[in-house]
Structures are given as structure tokens and as C-alpha cells.
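Working notes for the structure below.
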Protein chains: 2
Amino acid sequence: MTEHSLWRFSRAFHRAINERQIADVAALIDDDVEWAIYGPIDLFSFFGARQGKDAVLEVIRQMAENFRVRRFDRESIMLGVDSAASMMRYSLTSLDSSKPISVRIAHFAQFRGGLLTRFRVLVDSFDLVEQTVGYPIHLPRIAVAQ
Amino acid sequence: MTEHSLWRFSRAFHRAINERQIADVAALIDDDVEWAIYGPIDLFSFFGARQGKDAVLEVIRQMAENFRVRRFDRESIMLGVDSAASMMRYSLTSLDSSKPISVRIAHFAQFRGGLLTRFRVLVDSFDLVEQTVGYPIHLPRIAVAQ
């Protein structure tokens, strides 16, 4: 039984972030990949939508310049023949501040012939923002139990 | 072919929110359901973890008191035999302010015998916070292209 494309991509992606070895992950990304990380692009310039392998590799390179992955736990996962979705909790270190950052994300991935063709990531962005700026953001209480 | 549990749950859930008809969705939730919406619980008291059907129905009731669903688009979806995951974009109306709110979420759902047993939701929370408080939250730029 062949290994699912997700596991190969996940290993190569984490190696790219932590060891700045981009070649493995580059070999697993389709030239016409559609990519989006939904989150505050004002805070992280590597969030947002990208089209094509070169643009995506640049995003991964920027991530590698900003974070290391200390650990990750997959809390939910679904695997299809050529697709995968998971909810993950990452423990990161910010290289700029050496601060630990913990963030939950969800991703949906599509593969074709082992190559990533579509990737959508949602980030628990408010939590990430507060940890990154390093202070709590005051919020009015909008919805309360009635 | 039987309809997937997700479609039944989705219809009943939206009916509960928009018409405050809780009975349909109550019939589709397992007594011991595990439920979590990851997001800023300071802003929305119905975010967070809940255990058991009564607690979950109370969450749904609180949502119905705060929002109407104008429309939703499923941007990504995976269906398993007894599981489902999707990324969705919701157009909501805040009942308090009558303001339109647009928010992206990802959910992972597990069913058993047609009943929801586990539900995990991640919200693009920063975007939601800015729309809800009604003003942009100033952020320092942390990560820039180098």
C-alpha cells in the first residue's frame, strides 16, 4: 500500500521550515498549485492567496525565516484517495523573539499524482495575534448568555 | 443510498439558528457529544468546549439569539462514512447591530448512528473580531518578506 500523499508532504514541509531544506517539498508541489492561508495578512505577509509553485515556495521560505516547529498534534483528520483535511495544534518558536507560540489550524489539501494542487488553511488567528504581539487585545463582550 | 448525516445535521442546525426550531437538531445530537468552537470566548460566550447534548443545545440557542445566517458556501469538503469536514464561508447578520458579518470556519464532525458525537470548529477569529467590534485593530507588522 502506497503512503498517503499527505504524510510525504507533511514531512517535507516540516523539514523545509525547520531545516530550510526546500528541495523535498518543492518536488511535491504542482506547478499550478492554488494556495491560501486565511489569516491577518497585515501581521504576517506570508498569509493570503498564492498561485503557482514559485509563489508557494517563497511563502514556505518566509515561514522558515520566522518560525521553527517544536511539535504538532493532529487532533482531527480525514483522508481521501487524493485529499486530506486535518485540524492541528502547533507549538512554534518565533525566531524573532524566541517566544513560544501555540496555534490551532485547519487545512484542506488536494493532490494529483502525489503533487499538491490545492491547499487551504484556516488559522485561529485572534489567538495567534495576541500571542505574537505579546499583549491581550481588549474586547467588548458582544454575546452573553441570556 | 442514505443521505449523509452531515446534510441532515446542517439543515437542522441552520433551521435552529434562523427559525429557533431546536427540535430537529436536538434529535440529531448524541447525549454524550463532545463539542468545541475554538475562538475568542471573551467575545462570544458560546465559543469554547462543551460536553453533552444539553450544553450544546444551549450553545445553539445562544447563537440563534445573536445571529441569522444569510448564506453559506462550502469551499472545501470531505465526507467519510461517519465523518465530515468542511471549510465554509458564512454571511451572517448580527441581530444586535443588524450588521452583516462574513466569516470563514472549518469544522470536523463525527457521527454514530446518524447522531453527532464529536464536533470541532475553528473560526477565522481575528477577522470575526474586527467585524464584530466594528473597527480595525492595529497590528505591528511582524513578518515581512526578506
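How much FRET efficiency would the formula 1/(1 + (r/R0)^6) give for A:GLU130 and A:THR93, where r is the Cβ-Cβ distance and R0 is 22 Å, rounded to 0.05?
Working: r = 17 Å, r/R0 = 0.76.
Computed FRET efficiency for A:GLU130 and A:THR93 comes out at 0.85.
For chain B, modelled as a GNM with alpha-carbon contacts under 10 angstrom, which of B:SER97, B:SER83, B:SER125 fluctuates the most?
Most flexible of the set in this elastic network: B:SER97.
Taking K and R as +1 and D and E as -1, what net charge do the other residues with C-beta under 10 Å from the C-beta of A:LEU95 add up to? Before the final figure, lay out the partial values.
Numbers: positive: A:ARG68, A:LYS99; negative: A:GLU65, A:ASP96.
Once positives and negatives cancel, what remains is 0.
Calculate for chain A the 222 nm mean residue ellipticity that helices alone would give, adding -39,500 (n - 2.57) per DSSP H run of length 4 or more and normalising by residue count, nearest 500 deg cm²/dmol. Mind showing how you got there, number by number?
On the way: 4 runs with 42 residues, N = 146.
Result for chain A, helices only: -8500 deg cm²/dmol.
What number results when the radius of gyration of region B:49-118, computed over Cα atoms, is divided by 2.2 N^0.38 Å? Walk me through the numbers on the way to the answer.
Details: Rg = 13.9 Å, N = 70, 2.2 N^0.38 = 11.1 Å.
Cα Rg divided by the expected 2.2 N^0.38 Å: 1.26.
Could you tell me, in Å, what Rg and Dmax come out for the Cα atoms of region B:1-78?
12.9, 43
Work out the length of the dipole vector of region B:5-63 about its Cα centre, built from +1 on the beta-carbon of each Lys and Arg and -1 on the beta-carbon of each Asp and Glu, and round it to the nearest 20 debye. The partial results should precede the final answer.
Working: 7 positive and 9 negative charges, 60 e Å.
Roughly 280 debye, rounded to the nearest 20.
Checking the cross-link filter: which lysines have an alpha carbon closer than 25 Å to that of A:LYS99, excluding same-chain neighbours under 8 positions apart?
none
Considering the convex hull of the alpha carbon atoms of the protein assembly as shown, report its projected area averaged over all viewing directions, in nm², one decimal. Let's see the in-between values first.
Numbers: hull surface 63.8 nm².
Computing the convex hull of the Cα atoms and averaging its projections yields 15.9 nm².
Which of these, A:SER91, A:SER102, A:SER76, has the largest mean-square fluctuation under a Gaussian network model of chain A (Cα springs below 10 Å)?
A:SER76
At a Förster radius of 22 Å, what calculated FRET efficiency corresponds to the Cβ-Cβ distance of A:ASP24 and A:ARG74, to the nearest 0.05?
Details: r = 20 Å, r/R0 = 0.90.
After rounding to 0.05, the efficiency reads 0.65.
Please report the net charge: other residues with Cβ closer than 14 Å to the Cβ of B:GLU75, K and R +1, D and E -1. Don't jump to the answer; show the numbers that get you there.
On the way: positive: A:ARG118, A:ARG120, B:ARG71, B:ARG74, B:ARG89, B:ARG104; negative: A:GLU34, B:ASP73, B:ASP124.
Result for the local shell: +3.
What is the magnitude of the charge dipole of region A:1-139 about its Cα centre, with +1 placed on the Cβ of each Lys and Arg, -1 on the Cβ of each Asp and Glu, and no other charges, expressed in debye to the nearest 20? Please report the intermediate quantities before stating the final value.
Numbers: 17 positive and 18 negative charges, 76 e Å.
For this selection, approximately 360 debye.
Express the relative contact order of chain A as a whole percentage, based on alpha carbon pairs under 8 Å and six or more residues apart in sequence.
21 percent
Quick one, what does Rg over Rh come out to for chain A if you take C-alpha atoms and the Kirkwood Rh?
On the way: Rg = 16.1 Å, Rh = 16.2 Å.
When Rh is taken as the Kirkwood radius, the ratio is 1.00.
Averaged over peptide B:122-135, how many Cβ atoms belonging to another chain are found within 10 Å of each residue's Cβ? Can you show the working numbers first?
Values: counts 11, 6, 9, 12, 14, 5, 3, 7, 2, 0, 4, 5, 2, 0.
What the average comes to for B:122-135 is 6.
Using the reciprocal of the averaged 1/r over all distinct C-alpha pairs, how large is the Kirkwood radius of region A:13-57 in Å?
On the way: mean 1/r = 0.0886 Å⁻¹.
So the Kirkwood estimate lands at 11.3 Å.
Between the helical axis of A:5-19 and the dominant principal axis of chain A, each derived from Cα atoms, what acute angle in degrees is found, rounded to the nearest 10?
With rounding to tens, the tilt is 60 degrees.
FYI, it's all coordinate maths here, none of it is from the lab. None of the values given here were measured: they were computed from a predicted structure. No Cβ is skipped: glycine too gets one built from the backbone with ideal geometry, and neighbour counts run over all protein chains shown.
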